[in-house]
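Remarks on the structure that follows.
We did not get these values from a lab; they are worked out from the coordinates using the rules stated. Please read these numbers as outputs of a predicted model, since none were measured by experiment. Here the Cβ positions follow ideal geometry from the backbone for every residue, glycine too, while neighbour counts run over all protein chains shown.
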Amino acid sequence: MGASAEISLYLIRNLGALLLLVVILRGVLHASRVNFYNPLSQLIVRLTNPMLAPLRGALPAKGRIDWAVLILAVLLQSLILVGIALVAGERWALPGFTTVLIWGVIGVFALLVNLYFFVLIAMIIVSWIAPGSRHPAIELIWQISEPVMAPFRSLLPNMGGIDFSPILVFIGINVVQIGLRNAALTVGLPPGLVFGL
């Protein structure tokens, strides 16, 4: 593989992953019902609105699921995979449309699970070093993690101020990651092609 192909792959993977992360964050903000007056929330909304505007009429948000964000994320992930396939050329053949869409769905869910993994790590670290901080980034971390933590927290008895629910959440995340890796193998998604698998 030549330098231009390697640079192209690098840019497709990394810029595509960054764009996809911003789109998925928009869906997470909607699902978590975060404060949209938070400056970081406003930034994510401004970055994603131009891409979501064409889909909004046909795919309105229902409940906690923003369908326009979900469809856009799957399409972006699929386009990233097609771009990688076209640049990589002989290394692996481009599969059919349905397979690429299935790969896109798996990739989006893998990135979403990894996002929650890192949000929970950040939440734990922040709870040690800056409890009660009102910084917009820290508030956003708490607002994103709380809908995931609350059901697990309700399963555990009161432990005297010590919260063991992150352990259960991390176990759940690992179980989902194992399921996604096996689903990726089943549909022939090449290892290492999607972030988090």
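Details
- Any hit, segment 91-109, residues being of a type in the set (A, V, I, L, M, F, W, C), closer than 14 Å to Ile144 by Cβ, crowded, with 16+ Cβ neighbours inside 10 Å and in contact (Cβ under 8 Å) with a residue 24 or more places away in the chain: no
- Hits in segment 31-68 (condition: without any contact (Cβ under 8 Å) to a residue 24 or more places away in the chain and either of a type in the set (S, T, N, Q) or loosely packed, with under 11 Cβ neighbours inside 10 Å (or both)): Tyr37, Gln42, Arg46, Asn49, Pro50, Ala53, Gly57, Ala58, Pro60, Lys62, Gly63
- If you go through segment 51-85 and pick out every residue that is assigned to a helix (DSSP H, G or I) and closer than 22 Å to Leu111 by Cα, you end up with 22.
- Among (1) over 14 Å from the mean Cα position of the chain (by Cα); (2) free of Cβ contacts under 8 Å to residues at least 12 places away in the same chain - the single one Leu18 does not satisfy: (1)
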